[in-house]
Every structure is written in C-alpha cells, then in structure tokens.
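Working notes, beginning with the structure itself.
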Amino acid sequence: LFQQFSGINAVIFYSGPLLASAGMANGDLGGVLVMTVQVLATGLALVLMDRLGRRPLLAGSLCGMAAAAALLALHFLLEPPPFVALVALFLYIAAFSLGLGPVPWLLMPELLPTRARGAAAALATVLNWSCSFLVTETFAGLVARIGAAGAFFGFALVCAVGAAFVAAAVPETKGLRLDEVEALFRAG
C-alpha cells in the first residue's frame, strides 16, 4: 500500500502538468527527463539490491521520497524557480526507483509462505494496482481541493510512516534462502 499511496503514479502520470504549473516552460520535456531518471535509477537498483539488502533500500527510498515530496510541496507554497520542482521530482523518482519501486516485488515472494505464495501474491498484486488506480484517478480532484502543496505534504507523510513501518516490521532477507525466511516467521 505504501508503494501506491506514496503518490508515485501521480508523479509518473502528472509530472509534465506539475512541472508546467510550477513554471517550467516545457513541462512535457521535464516529464521525459523525470522518466529517464527513473530508468537509470532502476538499473542501479538491480545492482544494489543484493549488495545493500532490501530493508536499507526500502527505508532509504521512503526517507528520500518523503524529503523530495516535502520539497515539492514547499515549492508549490513558496514558488521558487521552476528548476527546484524538477530537482524535487528527480530526487523523488530516483528514490522510488532505488527501493520502493522494485524491492516490494522482490520481497513479496520471499516473505509469503510457500503454501499460500501464489494466491497471496495475486491478491497483493490486485490490491496494489487497485490502489494505483485510486491514486491516479483521484489526484487531480485532490489537488483541486487541497492544492498541490497539500497533496505532496500528504504523500511525504505516507512515505515517512512507511519508513517507520519498514524499520519496525520488515525483516532483511538478503542472502537468506526461502526456507530460512519462513523459519524467521515461525520463530516469531
């Protein structure tokens, strides 16, 4: 749920209009640049996942996204030069792509018990994409009601809560076999 309620699809689908409303002359070009950062950061995540571990990437990703979303919210309140919004979106999408984007999809089969893995993964995927639809469909109305600053402060809060959840409840699975991960949960 944190993956979608972090606002990622609002950023992906609305980056061009967001940058245009932030004063960037060509918001669509900025949106293309944001997506380029996403591709590059995702490639880097592939290298880092088994080196650094899932938990640090998730926690760092959520903290980075919270900071970047707060910076973007402040941009919409204070109206500094447009490049600040572009930098905030670069940081946000890079942080997402290094952790919250890929890591949950890797953790899901590692954390689910073997006997329920297929059904539970299918249910989690349906829930994930349903939440994606919900955020994407309601973002414009949310901005109309509380403004872009309010929306991004909300996304920053979700990311901060997500980081706390990761710190408190997500086990590290780096280097563990699936049976060892299951044993972690049986042990409590």
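Brief remarks on what is shown
- Between helix 178-187 and the chain there is an angle of about 80 degrees, using the helix long axis and the longest principal axis of the Cα atoms.
- Helix-only CD estimate at 222 nm, as mean residue ellipticity for the chain, using -39500 (n - 2.57) per DSSP H run (n ≥ 4): -28000 deg cm²/dmol
- Among 127-137, 144-154, the order from most to least packed when residues are scored by Cβ within 10 Å on average: 144-154, 127-137
- Residue-by-residue Karplus 3J(HN,Hα) for region 75-89, coefficients 6.51, -1.76, 1.60, Hz, glycine and proline x: 4, 6, 7, 9, 6, x, x, x, 4, 5, 5, 5, 4, 4, 5
- Accessible area per residue for the chain is 50 Å², calculated with a 1.4 Å probe on protein heavy atoms, without ligands, DNA or RNA.
- Options MET49, GLY101, LEU78, ranked by Cα towards positive dipole end of region 49-188, top entry (Cβ charges): MET49
- The candidate values are (1) 1.01; (2) 1.26; (3) 1.08; the one derived from this structure for Cα Rg over 2.2 N^0.38 Å carries the label (3).
- Each residue of region 129-137 was assigned a 3J(HN,Hα) from its phi angle through the Karplus curve 6.51 cos²θ - 1.76 cosθ + 1.60 (θ = phi - 60°); the sequence is 6, 5, 5, 4, 4, 4, 5, 5, 6 Hz, with glycine and proline shown as x.
- Extended-chain gain in nm, criterion 0.36 nm per residue less alpha-carbon gap, ALA119 and LEU77: 10.7 nm
- Carbon plus sulfur fraction of accessible area for the chain, probe 1.4 Å, in percent: 73
The values are calculated or read from the model by the stated rules, or taken from the named source; none is laboratory data. In this text, all values refer to a predicted model and were calculated from it rather than measured experimentally. Here the Cβ is made from the backbone with ideal geometry for all residues, glycine too, and neighbour counts use every protein chain on show. These accessible areas exclude ligands, DNA and RNA; they are computed on the full protein's heavy atoms, side chains included. Shrake-Rupley method; radii C 1.70, N 1.55, O 1.52, S 1.80 Å.
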